[in-house]
Amino acid sequence: MKKQVTLRTLYWITNHHTYYHDYLFQHIESDHSFKLIVCYRQMVLDSHPWKEVEGGGYTRTELNRHFWGLDFKVIRKAMFGSDDYIVAGWDNLMYLFLITILRIRNRPFGVFSFIPGKPGRNWLQFLKLRWFSFIFSPNSKAKLLVTGKVGVNRSLSFLRLDSKHVLNFPFATNHDIFIPANNVKFSKRDGVVSFLAVGRIDFDHKGQDIALKAFAKLLERGVT
C-alpha cells in the first residue's frame with residue numbers, strides 16, 4: 001500500500017491579483033512539493049484592467065479586513081502554526097505584523113520585494129532600517145527575495161543586509177506568449193523601428209531611464 005504523503009502548506013501573502021503572478025503561482029503549484037495558498041489583500045483593483053480571477057490550479061483567497069486591515073485568522077496561524085510563508089513586501093501593517101511574528105518565532109520565511117528602493121533620511125526610514133536589522137539579524141532564518149543583480153546589490157547597500165539573507169528570484173515569463181526572436185537584425189532599409197514598453201512610468205522600479213540613455217548613446221555613435 002502506497003504511503004500517503006502530507007504536503008506542507010505555503011502561504012503567499014500579496015497585494016492583488018495579476019496575470020504574471022498567476023503564471024508564477026501555477027508553476028509553483030505544479031511542483032507538487034507543497035500546497036500553495038495565495039492570500040490577496042484585495043482580489044481586484046479598479047486601477048487594473050483585469051476584473052476577474054481565472055482558475056490557476058492553486059488555492060486563492062482574500063484576506064479578511066478587520067481593524068487596521070489586519071486578518072486575525074492568518075496572524076494566529078503565523079503565531080501558532082507550522083506553515084511556511086512568503087510575504088510580498090512590508091508596505092502595510094498586516095505585512096509588518098506577519099514578518100515580525102515569524103521573526104520572533106525564528107521561523108524560516110521569505111519576504112518578496114522585486115528591487116528595494118533607497119531609504120530616505122527621516123526618522124521613519126531610520127526605524128525601518130533598525131527593523132530590517134532585527135528581521136535579518138545574523139541568526140535569522142528569513143530570506144529577502146529580490147530580482148536580478150540590481151535587487152541583490154541594493155539589498156546589500158541600501159538595506160545593509162548580509163548576502164546570506166538575500167536570494168536572487170528572477171521574473172517568470174510565459175514563453176508561449178512572449179517568444180524571444182532569433183537572429184533578428186534591424187537596418188535602415190526596414191524603416192522606423194518602434195520600441196514599446198508596457199508599465200507605469202517609475203524610473204526607480206521600471207528603469208525606463210536606462211533604455212532612454214542607451215538610445216541616446218546609440219545616436220551619439222551614429223546608429224540611427
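Close Cβ contacts (under 6 Å, 6 or more residues apart or on different chains) running from residues in region 67-81 that are on the phi < 0 side of the Ramachandran plot to residues that are part of a loop (DSSP other than H, G, I, E, B) and surrounded by 15 or more Cβ atoms within 10 Å (Cβ to Cβ) comprise ASP71/LEU63. Say we look at region 192-224 and pick out the residues that are modelled with pLDDT under 75, over 27 Å from the mean Cα position of the chain (by Cα) and open to solvent by less than 100 Å² (accessible area, probe 1.4 Å); which of these is nearest to LEU24 (Cα to Cα)? Out of the qualifying residues, it is VAL193. Condition check for LEU36 on (1) in contact with a helix residue (DSSP H, G or I) (Cβ under 6 Å, 6 or more places away or on another chain); (2) assigned to a loop (DSSP other than H, G, I, E, B); (3) not polar (S, T, N, Q): one failure, at (2).
Of all residues in region 18-36, those satisfying the criterion of being modelled with pLDDT of 80 or more and open to solvent by less than 20 Å² (accessible area, probe 1.4 Å) are PHE25, LEU36. Residues in region 10-28 that are over 11 Å from TYR58 (Cβ atoms) and among the polar types (S, T, N, Q): THR14, ASN15, THR18.
The values are calculated or read from the model by the stated rules, or taken from the named source; none is laboratory data. Computed from a predicted structure; not experimentally measured. Using ideal geometry, Cβ is built from the backbone for each residue, glycine included, and neighbour counts are taken over all protein chains shown. Calculation scope for accessible area: heavy atoms of the full protein, side chains included, ligands and nucleic acids excluded. Shrake-Rupley method; radii C 1.70, N 1.55, O 1.52, S 1.80 Å.
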